[in-house]
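As structure tokens, the structure follows; a few thoughts come after it.
No value in this document is a laboratory result; all are computed from the given coordinates. From a predicted model like this one, the values you see are computed outputs, not experimental measurements. Don't worry about glycine lacking a Cβ; one is built from the backbone with ideal geometry, like all the others, and counts go over all protein chains shown.
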Amino acid sequence: MSKNIRLGFVGAGQNTRRKHLPGFQQLAGVELAGVCNARDESTQRVAREFGISQTYGTWQDLVADERIDAVVIGTWPNLHCEVTCAALAAGKHVLTEARMARDLVEARQMLAAQAAHPELTAMVVPSPFGLQHGAYLRSIIDHGFLGDLREVVVLGANDAFWDCSQFLHPRQCQQVSGLNVLSLGNLHETVSRWIPATTQVFAQSRIFEPNRPLEDLAIQGQVTVPDSLQVLTHLAGGAQGLYHFSGIALFGPGLQIHLYGSEGTIKVQFDPRDDSRELVLTGRHGDAELRPLKLPEERLGGWRVEADFIDAIRGEKQVTLNSFETACEYMEFTQAVHESSKRNAAVSLPL
């Protein structure tokens, strides 16, 4: 590998431009060496904006370039598996945007490709939620703050897709986004950092608005991802969970996670417009009410995905958020939810 780690970007959409490209620019010994977007005009614009020296007509050309050390995949999930497997086979480290893949079959293909190249770093961008207070909450849960965990409530209900006159969004197309529904993947991944493994799911879902106009076309497109989802879960150790996700809930509760135990309660509320903002409320038996958690600045965590990826490539630390193994676990949960809803029956985990 060259002295600098040379990064190639396959897909430089909103999240890549907002977080990954600026994040990597701040790191010493890292070069933004190449980019390929879906359209040449977009590719050239990103290259100019971020000072990227090389552009490519296809992602295959970028992956094949021996001067590229690592590939950052910022496309929709429909390309994650194909690009990841090709990049690993070409000897490149890989950071892929979440969700890991469209379904569990693709996720396991990616895991197998990584296992065939253990010398390479393979990482999935973690859920941005819970990064501020997550480590502290994990520590107080481990020290018995909740007592015995009894109930878990996960809420992701808003009006993001309420207006059916809006164009069909890629997140509403299963062929593009896969089996993940709304914010299910992000919030389940987040809560999984604090609770035991899920052992069973029972899900129901519905598409209330089945058609949307297609951008630049005078025809309607079909919505293939549910805009309403409810899931009941069993957890190892005996706790139960309730998930409510909706994109058509006017004045819905937004994004929240509640943990109810025999001795205490933790509620976390997330700001969908700014995933670095979290409100944490805690209370224990004997308290009059829940109180906001206020940690000193030095105790707060935060977004460090780009630094973690580079540190892992350099062998300075192991990937924790998220290895391909961890990402496959939430993909398995998503797959089980899909299968349960499809069959109208409980599905046990692991699959």
- Do the alpha carbons of any pairs in K92/K342; K19/K317; K19/K92 sit beyond 27 Å of each other, and which pairs? K92/K342
- Mind checking the dipole of the range 134-301: about its Cα centre, +1 per Lys or Arg Cβ, -1 per Asp or Glu Cβ, Debye to the nearest 20? 280 debye
- Note on the structure: Phi angles of the range 220-231, converted by Karplus (6.51 cos²θ - 1.76 cosθ + 1.60, θ = phi - 60°) into ³J(HN,Hα) in whole Hz with x for Gly and Pro, give 8, x, 9, 7, 10, 10, x, 9, 8, 8, 10, 9
- Looking at the range 1-75, which GluC sites (Glu not before Pro) are DSSP coil and have at most 12 other C-beta atoms within 10 Å of their C-beta? E66
- Order these peptides, 159-170, 5-16, by their mean beta-carbon neighbour count within 10 angstrom, highest first. 5-16, 159-170
- Note on the structure: Expressed as a whole-number percentage, the relative contact order of the chain with C-alpha contacts under 8 angstrom and at least six residues apart is 18 percent
- Note on the structure: Taking every alpha carbon pair in the range 145-243 and sorting the distances into 10 angstrom bins from 0 up to the bin holding the longest one, the percent per bin comes out as 14, 41, 25, 14, 5, 1
- Query: What angle, in degrees between 0 and 90 and rounded to the nearest 10, separates the Cα long axis of helix 40-50 from the longest principal axis of the Cα atoms of the chain?
  - Reply: 80 degrees
- Item | Radius of gyration and maximum dimension Dmax of the range 65-184, Cα, Å | 18.2, 54
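Over the residues of the range 25-78, compute the C-alpha Rg and express it relative to 2.2 N^0.38 Å.
Working it through for the range 25-78, the quotient is 1.11.
Once R0 is set to 41 Å, what does the formula 1/(1 + (r/R0)^6) return for the Cβ-Cβ distance between R291 and K317, expressed as a FRET efficiency to the nearest 0.05?
Here the calculated transfer efficiency is 0.75.
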- Mean Cβ-within-10 Å packing, highest first, puts peptides 307-314, 114-121, 83-90 in the order 83-90, 307-314, 114-121
- Query: In whole Å and largest first, what semi-axes does the C-alpha gyration tensor of the chain yield when each eigenvalue is scaled by 5 and square-rooted?
  - Reply: 34, 25, 19
- Using alpha carbons only, how many degrees (0 to 90, rounded to 10) separate the axis of helix 80-89 from the longest principal axis of the chain? 50 degrees
- Task: Arrange the following residues from fewest to most other Cβ atoms within 10 Å of their Cβ: K92, K267.
- Result: K267, K92
- Those chymotrypsin sites (Phe, Trp or Tyr not before Pro) in the range 179-232 that DSSP places in a loop and that have at most 15 other beta carbons within 10 Å: F208
- Item | Principal axis dimensions, the range 224-334 - Cα atoms, whole angstrom, descending | 48, 44, 34
- Query: Rounded to a whole number of µm²/s, how large is the Stokes-Einstein D of the range 134-301 at 37 °C and 0.692 mPa s, given Rh as the Kirkwood radius over C-alpha pairs?
  - Reply: 188 µm²/s
- Counting helices only, and only those DSSP H runs with n ≥ 4, report the 222 nm mean residue ellipticity of the chain as the sum of -39,500 (n - 2.57) divided by its residues, in deg cm²/dmol to the nearest 500. -8000 deg cm²/dmol
